[in-house]
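See structure below.
Values in this text are rule-based calculations from the coordinates and carry no lab data. Only a predicted model underlies this, so the values are computations on that prediction, with no experimental measurement involved. Note that we place each Cβ from the backbone using ideal geometry, even for glycine, and neighbour counts take in every protein chain shown.
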Amino acid sequence: MLGVMDDATTQRPADAATEAAVLDDGPAAGLRVRVTGRPAILQVTRACEKEQMPGEREFGVSEVHVYRRDWRVKNPPLRYGYDPASP
């Protein structure tokens, strides 16, 4: 299995080409993105609404969702599946 994932740990030049990827399931289902270096995991964030009281410090709050690469897919578009067990 590790041999299949070698490309995820290989160093990539800064000007490496990007390729298409599609997110499956979860809150970002169907979202198409461009990735460089075929990362094993994508993190998707979405801003949450917040109530700001006068005089309070400003903070940003985001939902975090993790998508893991489907290693069976070798050609673009790459596929990433939602991981509901992630924080």
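Quick one: what are the phi-derived ³J(HN,Hα) couplings along region 16-27, Karplus 6.51/-1.76/1.60 with θ = phi - 60°, whole Hz, x for glycine and proline?
Along region 16-27, the couplings run 4, 5, 9, 9, 6, 9, 10, 8, 9, 6, x, x Hz.
Treat each spin label as a single point 7 Å out from the Cα along the C-beta direction, and report the MET53 to ALA16 distance in nm.
4.7
Can you tell me the Rg and the Dmax, both Å, for the Cα atoms in region 20-63?
Values for region 20-63 (Cα only, Rg and Dmax): 15.4, 45 Å.
Could you order the peptides 47-54, 66-73 from most to least packed, using the average number of other C-beta atoms within 10 Å per residue? Present the calculation step by step, with values, prior to reporting the outcome.
On the way: 47-54: 7.1, 66-73: 16.0.
Top of the packing list down: 66-73, 47-54.
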